[in-house]
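S.K.: Take a look at this one; I'll ask things after.
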Amino acid sequence: MSSRIENHPILGKPETGRKVSFTYDGKKYYGFEGEPIAAALKASGVMVHRYTQKEHRPRGIFCAIGRCTDCVMVVNGKPNIRTCVTPLEEGMTVETQYGVSSIMQKRKAE
Ligand code: FES
């Protein structure tokens, strides 16, 4: 189920790019090309983008303008990508970040 706003009562239908697929922690998801990665994740119900290394606390969208780093994730193997300001592209690999690496790498190491 999507939590995406499809027809806003004041703003109407949003302009969208073409539908693209990407993976999030190994599972296939869909979003619209050019929208922030965080928007595509939020529309699919994903709230946690990373965990802090020291306290293991979850973090997600906070400022949504690229200032706070709470939304950073591992994108295409590169950590610390601010997903609230990074446009979604076809075939992207997005992973929950744990400390400065992906949570997938952490699970493999355990
Ligand atoms: S939510 Fe603050 S940088 Fe993305």
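S.K.: Looking only at the stretch 94-106, count how many residues are open to solvent by 40 Å² or more (accessible area, probe 1.4 Å) and part of a loop (DSSP other than H, G, I, E, B).
M.R.: Residues that pass the stated criteria total 1.
S.K.: If you don't mind, another one. Please name all residue pairs, on different chains or six or more residues apart, with Cβ atoms under 7 Å, provided the first residue is in the stretch 8-25 and is at positive phi and in a loop (DSSP other than H, G, I, E, B) and the second residue is hydrophobic (A, V, I, L, M, F, W, C) and open to solvent by 30 Å² or more (accessible area, probe 1.4 Å).
M.R.: Here the result reads D25/M104, each pair linking the stretch 8-25 to a residue that is hydrophobic (A, V, I, L, M, F, W, C) and open to solvent by 30 Å² or more (accessible area, probe 1.4 Å).
S.K.: With the requirement that a residue be assigned to a strand (DSSP E or B), within 14 Å of the ligand (Cβ to nearest atom) and open to solvent by 50 Å² or more (accessible area, probe 1.4 Å), what does the stretch 65-93 give you?
M.R.: If the condition is that a residue be assigned to a strand (DSSP E or B), within 14 Å of the ligand (Cβ to nearest atom) and open to solvent by 50 Å² or more (accessible area, probe 1.4 Å), then N80, R82, P87 are the ones that fit.
S.K.: If you check every pair at least six apart or on different chains, which have Cβ atoms under 7 Å apart with a residue in the stretch 87-110 that is without any contact (Cβ under 8 Å) to a residue 24 or more places away in the chain first and a residue that is open to solvent by less than 40 Å² (accessible area, probe 1.4 Å) second?
M.R.: What qualifies is K106/Y98.
S.K.: Can you pull out the residues in the stretch 94-110 that are away from the ligand (no atom under 14 Å from the Cβ), at pLDDT 95 or above and either over 12 Å from the mean Cα position of the chain (by Cα) or of a type in the set (V, I, T) (or both)?
M.R.: The one that is away from the ligand (no atom under 14 Å from the Cβ), at pLDDT 95 or above and either over 12 Å from the mean Cα position of the chain (by Cα) or of a type in the set (V, I, T) (or both): T96.
S.K.: Please go through (1) open to solvent by 80 Å² or more (accessible area, probe 1.4 Å); (2) within 13 Å of the ligand (Cβ to nearest atom); (3) free of Cβ contacts under 8 Å to residues at least 12 places away in the same chain for M47 and return the number of the only condition it doesn't satisfy.
M.R.: Just one mismatch for M47, condition (3).
S.K.: Which pairs do you get when a residue that is closer than 16 Å to E95 by Cβ and touching a residue at least 24 places away in the same chain (Cβ under 8 Å), found in the stretch 52-79, comes within reach of a residue that is surrounded by 14 or more Cβ atoms within 10 Å (Cβ to Cβ) and acidic (D, E), reach meaning Cβ atoms under 6 angstrom, with the pair 6+ apart or on two chains?
M.R.: V74/E95
The values are calculated or read from the model by the stated rules, or taken from the named source; none is laboratory data. All figures in this text were calculated on a predicted structure; none of them were measured in a lab. All Cβ positions, even for glycine, are placed from backbone atoms using ideal geometry, and neighbour counts span all protein chains on display. Each accessible area value is taken on the protein alone, full model and side chains, heavy atoms only, with ligands, DNA and RNA left out. Shrake-Rupley method; radii C 1.70, N 1.55, O 1.52, S 1.80 Å.
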